[in-house]
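Peer 1: A single structure is presented below for examination.
The values are calculated or read from the model by the stated rules, or taken from the named source; none is laboratory data. Worth saying up front: this structure is predicted, and the values here are computed from it rather than measured. Glycine gets a Cβ as well: all are built from the backbone with ideal geometry, and neighbour counts include every protein chain shown. In case anyone asks, the SASA skips ligands and DNA or RNA and just uses the protein heavy atoms, side chains included. Shrake-Rupley method; radii C 1.70, N 1.55, O 1.52, S 1.80 Å.
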Amino acid sequence: YVQVFGYGVDEVELKVGETEVIEIKEGSEWNEQFKFDDAENENGPYDSLILKLYGDEEYLGETREIKLSEIDDCTDEFEFRLEVTTDGKGCGLLVVIISKDGCGEAITKKDDKGKENK
């Protein structure tokens, strides 16, 4: 399975999603979708994502950081072919497709008194 971790400006790691468990074979596909809503994230907008892979409960490795600034528009899908590494050595490939919406919209958050802040 794959765990998706988001990182914000304060670099706090937050687990934001996890795929179902599948048996990995050549050509395995998860085809799962996750939605990240910066406005609902109490820690602020995400700056980057890292994906960590597990087999049963065994850690298999992780991808490089995906900087969300690499996704520069709201009309295209961006394909990332990410090497999975463990202990600095490549051990697989994970293909991730990311799209973005809400470009140019200000993120509105409410403070603890219910006042909106942008």
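Peer 1: If you scan segment 12-25, which residues turn out to be more than 18 Å from GLU58 (Cβ to Cβ) and modelled with pLDDT under 75?
Peer 2: VAL12, GLU13, listed by residue number.
Peer 1: Of all strands (runs of 3 or more DSSP E) completely enclosed by segment 28-118, which ones contain at least 1 residues that are modelled with pLDDT of 80 or more, at negative phi and of a type in the set (Val, Ile, Thr)?
Peer 2: So the answer is 46-55, 78-86, 89-98.
Peer 1: So in segment 51-97, with the set limited to residues that are among the β-branched types (Val, Ile, Thr) and over 16 Å from ASN31 (Cα atoms), which one is most open to solvent (accessible area, probe 1.4 Å)?
Peer 2: THR75
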